[in-house]
1. Equivalent-ellipsoid semi-axes (√(5λ), Cα gyration tensor) for the stretch 375-429, whole Å, largest first?
2. Using only the heavy atoms of the protein chains and a 1.4 Å probe, how would Thr22, Thr197 rank by accessible area, largest first?
3. Charges on Cβ only, +1 for Lys and Arg, -1 for Asp and Glu, centred on the Cα centroid of the chain; of Ser121, Ala418, Asn494, which one is farthest towards the dipole's positive end?
4. Got a number for carbon plus sulfur as a percent of the stretch 96-189's accessible area, 1.4 Å probe?
5. At 0.36 nm per residue, and after removing the present C-alpha to C-alpha distance, how many nm does the segment from Gln17 to Glu290 gain when stretched out fully?
6. Roughly how many debye, to the nearest 20, is the charge dipole of the stretch 53-200 about its Cα centre, given +1 on each Lys and Arg Cβ, -1 on each Asp and Glu Cβ, and no other charges?
7. Could you give each residue of the stretch 450-461 its phi-based ³J(HN,Hα) in whole Hz, using Karplus coefficients 6.51, -1.76, 1.60 with θ = phi - 60°, and x for Gly or Pro?
8. What part of the accessible area of the stretch 349-413, given as a whole %, is carbon or sulfur when the probe is 1.4 angstrom?
Amino acid sequence: MPKELGVLNALDNAKTQLYHFTAIVVAGMGFFTDAYDLFCISLVTKLLGRIYYTVPGSLTPGTLPPNVADSVNGVAFCGTLAGQLFFGWLGDKLGRKRVYGLTLLLMVICAIASGLSFGHSPKGVIATLCFFRFWLGFGIGGDYPLSATIMSEYANKRTRGAFIAAVFAMQGFGNLTGGIVALIVSSAFDHAYKAPTYEQNASASVPAQADYVWRIIVMVGALPAALTYYWRMKMPETARYTALVAKNAQQAAQDMSKVLQVDLVSGQDKSEIEILAQDDRNSFGLFTKEFAKRHGLHLVGTAVCWFLLDIAFYSQNLFQKDIFSAIGWIPAAKTMSAIQEVYTVARAQTLIVMCGLIPGYWFTVAFIDILGRFTIQLMGFFFMTVFMFALAIPYHHWTLKENRIGFIVMYSLTFFFANFGPNSTTFIVPAEIFPARLRSTCHGISAAAGKAGAIVGAFGFLYAAQSTDPTQTDAGYPPGIGVKNTLIVLGCINFFGMLFTFLVPESKGKSLEELSGENEEESGETVEPQTSSRTVPV
């Protein structure tokens, strides 16, 4: 049998304790903040267009020009991609704990600064907003590999999937809170500063106080991050990093004894702990033939699946308001005041979050350690493909007024199976299957591939979803392929995600060391990092 450090074996078999739930909340609040900050901007982009880009005398309210909309929607994703790569690497070099607080500080400072964006012209305000949202995204990016790795290394192997999924599920509550905050703020301002619709009085439909609305919504994202900073600083370094990377098994046992309230060292042969801790059989790096042989296909699988998922997921999420407007679920902009439009968009997106996003996340928490990661990811991609085609092929049917509720139901189901599917599993698996000294880096690479997909979705969908009729496009946009054809493309992307899932191994019920090969026998033969080379559970 392969040898394993006593402290790690104790962690794998530990009963679920209060500290596990504390870690879920502390790590999860980072994702709560991440989701709020990344998606709140989609609630206020139409308001930004009205405030800064309304043309006097125009028959329709102002909208963000294409290059500005690209920047506002996509710049945080660019920062997130860079942050995932940088902090993922740093988390393996310096330790998870040492860089964990820095990501939160960046989020707090940049969320507040985004709301204080200054300038005497629209270009000045938008440029400042984009600058701070890039660095906000940089901090958010660091939270992906660090939170996933920390939770996987604290958890026991029986419920590890559910714990990591619960951290990620806080995104749903972040989205929901973003919608609720937008509803409260816009409703309060609408009651305090009544404004006519754009049709009735174009200039009066955007009261001066509307500029405060988007700033307040953006700045509230700093609160949850600030509230959890103290608790993050109190968390000890994970035992797996201390034992396997820092090579100090004794310190790892002491740290875990404090938080898990169990003596992890008693009964252990300390000389054996030291021998195992100093064992550097598995010292290959990321850019080596040995890594490529053991984990190369796994990294391709986790990265490509996340990339394909996020093209579809983020394009749907960021541009819900455009799809709702296209089918008539949101009234024409000129029939509302600027603040009323914020309320209407927030109400629609909050409904989707409640019906589709949040239930999907928690279904994953409930079933991931029963069904396994592979099954849930394959099933999720399959149903996302089915529902996307079901929306796209009879698209005209769904645009009819009597069928709009059916469209919303189908659209919600695609989100449900994204979250009870690959949106959760692509986050979980990279935190489990790679060696401890490369775990944060590999998760960061996979997550960065996902954000590259999000950038494709955020930028590409703006153009692709435009009408094929040049007279029906938004101001400044060239004709696109239309919403119907865009949905068909997204359906095809989901199908390819299903195929690449076969490169991803099943990690249910196995220790992290068993998955990565770090507890293999000392022998001349190479032991496969997984018990079996099969990726499909049998």
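The values are calculated or read from the model by the stated rules, or taken from the named source; none is laboratory data. Predicted model, so just to flag it, every value in this text is computed and none were measured. Cβ: placed from backbone, ideal geometry, glycine included. Neighbour counts: every protein chain shown. Accessible surface areas use protein heavy atoms only, side chains included; no ligands, DNA or RNA. Shrake-Rupley method; radii C 1.70, N 1.55, O 1.52, S 1.80 Å.
1. Details: eigenvalues 135, 20, 7 Å².
The equivalent ellipsoid of the stretch 375-429 has semi-axes of 26, 10, 6 Å.
2. On the way: Thr22 55, Thr197 25 Å².
Per-residue accessible area, sorted high to low, gives Thr22, Thr197.
3. Ser121
4. Details: 2230 of 2840 Å².
Result for the stretch 96-189: 78 percent of the exposed heavy-atom area is carbon or sulfur.
5. Working: separation 273, 0.36 × 273 = 98.28 nm, distance 3.74 nm.
Separation in residues times 0.36 nm, less the Cα-Cα distance, equals 94.5 nm.
6. Working: 10 positive and 6 negative charges, 128 e Å.
Its charge dipole is roughly 620 debye.
7. Listing the rounded values in order: x, 5, 4, x, 5, 5, 4, x, 5, 7, x, 5 Hz.
8. On the way: 2200 of 2720 Å².
Here carbon and sulfur together make up 81 percent of the probe-accessible area.
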